[in-house]
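Please read the structure below before turning to the comments.
Where a number appears in this text, it was derived from the coordinates with a stated rule and is not lab data. Treat the numbers as computed from the prediction; the structure is a model and nothing was measured. FYI the Cβ positions are ideal-geometry reconstructions off the backbone, even for glycines, and counts take in every protein chain you see.
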Amino acid sequence: MALDPGDSPGFLLWHATLRWQREIAAALGPLDLTHVQFVLLACTWWLNTHGTHPNQLALARQAGTDVKMTSQVVRALEAKGLIEREVDPADTRARRLRVTDVGAELAPRAIAAVEDVDARFFRQVGHDDAVTLLSRLADPEA
């Protein structure tokens, strides 16, 4: 017997995700960033501020994104002057990623905009409960 759509966790998650994505896109639009660009810029910025200059594979792993898509988006961020790709001295085939000064100024502003959306979006369930649930759902071992 088929569930009523309102009783289907997957269907409800789909609708919640769409609403959240719309709100994130609206917050990032004025900063001229797509959601994926934001994630990759923010991850690169975070890794850089913690002493790491990742290559594209390490960035893709950190962000949970496809490697080829990551490469395309990194090129777009490079074209916007937000990220630089530098030759890795240990492997001249690899490129290390560094956020530019412009990117380092934009990343925290974009993170604040996204965190504001998250705070409003998850207000009904509370931050800690949302993190606990979503951590469990995101864990492939669970």
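So for the chain, averaging the separation of alpha carbon pairs under 8 Å that are six or more residues apart and normalising by length, what relative contact order in percent results? Computed over the chain, the figure is 22 percent.
Here the chain is treated as an ellipsoid with the same Cα gyration tensor; its semi-axes, largest first and in whole Å, are 32, 18, 14.
Could you tell me the center-to-center distance, by alpha carbons, between segment 15-79 and segment 103-135 in angstrom? When both Cα centres are located, 15 Å separates them.
Select from 101, 128, 32 the residue whose mean-square fluctuation is largest in a Gaussian network model of the chain (Cα-Cα springs shorter than 10 Å). Of 101, 128, 32, the Gaussian network model singles out 128 as fluctuating most.
On the beta carbon distance between residue 124 and residue 69, with R0 = 22 Å, the FRET formula returns roughly 0.10.
Judged by the gyration tensor of its Cα atoms, with axes a ≥ b ≥ c, segment 40-110 is rounded; a/c sits under the 1.5 cut.
Mean residue ellipticity, 222 nm, helices only, the chain: the sum of -39500 (n - 2.57) across DSSP H runs of n ≥ 4, divided by residue count and rounded to 500, is -20500 deg cm²/dmol. Taking a span of 30 Å or more along the helix axis (Cα atoms) and a mean Kyte-Doolittle hydropathy of at least 0.0 as the rule, the DSSP H helices of the chain that qualify are 101-121.
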